[in-house]
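The values are calculated or read from the model by the stated rules, or taken from the named source; none is laboratory data. These figures come from a predicted structure and were not determined experimentally. Neighbour counts run over all protein chains shown; Cβ positions are idealised from the backbone, glycine included. Surface accessibility is based on the protein's heavy atoms, side chains included, excluding ligands, DNA and RNA. Shrake-Rupley method; radii C 1.70, N 1.55, O 1.52, S 1.80 Å.
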Amino acid sequence: LRLWPYLRQERPLAQPMATHRLLREMFTYGLWAGADNMAENCTARLNYFLVERFGGLGSVGLLDAGTKIAESVWNISRSVSFIAYGEVAKTTDNSTQRQITLRLLRLTALALFVVMAIVLCIPEWFYTEWLFNAEFAGIRQVIMGLSVGIVTLGCNSVLSHYFIGSGRIRWSAASSAVGLVTLLVVGSLLIPTYGVFGSAMTNSIAFTAMLLFSWIVFKTYKSK
């Protein structure tokens, strides 16, 4: 309702089909955005249910603690992704959009790699004696299993915002769907055998599959 006055200013009632088309595009865009967010959230959290089924609630607690620590690194990629979205959306020139995205992608990958390397240098006793307690033994192994996925999903976030900012949100949703399918397939194989560490590895593989898919699509649009 709040948008209606602006729609009438830009497209008067003499052009009802233009307004109808705009509303349809907005609704379609919103559906793709919702599907994208749901698939990505499921990819990031569905393994909790798989771990609970095969390892119990104690395993979920260990996985959650390790995940929270590892995912703190994503503050970097989230900030850069918002910048990427804003800069890409400002121009319709695909070459400029790609240059901006590549520059920010390199910066994000380097920052995530360095910060994640520092996190991996933290010894196990810091978590079991200072931050948590002895019940969280093995948390460093969980973080190690997640480390590759943390970097790859952070990089994928930049590419995802390129797709969103350039009007290709369907590719972002498709990338999230690839991650979800990969998680279900790989998780059914690794988690029953390796437990919490298998779940961490599953997430890393799923996030890496998302990045590979996004990168292939990004390179495909090089000449378009």
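Of note:
- When residues of segment 158-175 are limited to those that are buried (at least 24 other Cβ atoms within 10 Å of the Cβ) and among the small types (Gly, Ala, Ser), the one nearest to Asn94 (Cα to Cα): Ser160
- Total residues in segment 183-219 satisfying the condition of being without any contact (Cβ under 8 Å) to a residue 60 or more places away in the chain and either crowded, with 16+ Cβ neighbours inside 10 Å or hydrophobic (A, V, I, L, M, F, W, C) (or both): the figure is 18.
- Among the residues listed as Val73, Val80, Val51, the single one being out of contact with any Phe, Trp or Tyr (no Cβ under 9 Å at 6 or more places or on another chain), β-branched (Val, Ile, Thr), farther than 25 Å from Thr202 by Cα and surrounded by 19 or more Cβ atoms within 10 Å (Cβ to Cβ): Val80
- Looking at Thr96, Thr152, Thr67, just one residue is assigned to a helix (DSSP H, G or I), over 25 Å from Gly198 (Cβ atoms) and among the hydroxyl-bearing types (Ser, Thr, Tyr), and that residue is Thr96.
- Test result for Ala65, at pLDDT below 90, under 21 Å from Tyr48 (Cβ atoms), surrounded by fewer than 16 Cβ atoms within 10 Å (Cβ to Cβ) and of a type in the set (A, V, I, L, M): no
- Arg45 being more than 30 Å from Ile122 (Cβ to Cβ), part of a helix (DSSP H, G or I), open to solvent by 70 Å² or more (accessible area, probe 1.4 Å) and charged (D, E, K, R): no
- Residue, nearest to Val80 (Cα to Cα), within segment 110-157, restricted to residues that are surrounded by fewer than 17 Cβ atoms within 10 Å (Cβ to Cβ) and of a type in the set (Phe, Trp, Tyr): Phe113
- Candidate set from segment 28-53 (those that are under 21 Å from Arg140 (Cβ atoms) and of a type outside the set (Ser, Thr, Tyr)); member that is nearest to the chain's Cα centre (by Cα): Ala44
- Residue within segment 182-189 that is assigned to a helix (DSSP H, G or I) and touching a Phe, Trp or Tyr at 6+ places or on another chain (Cβ under 7 Å) present: no
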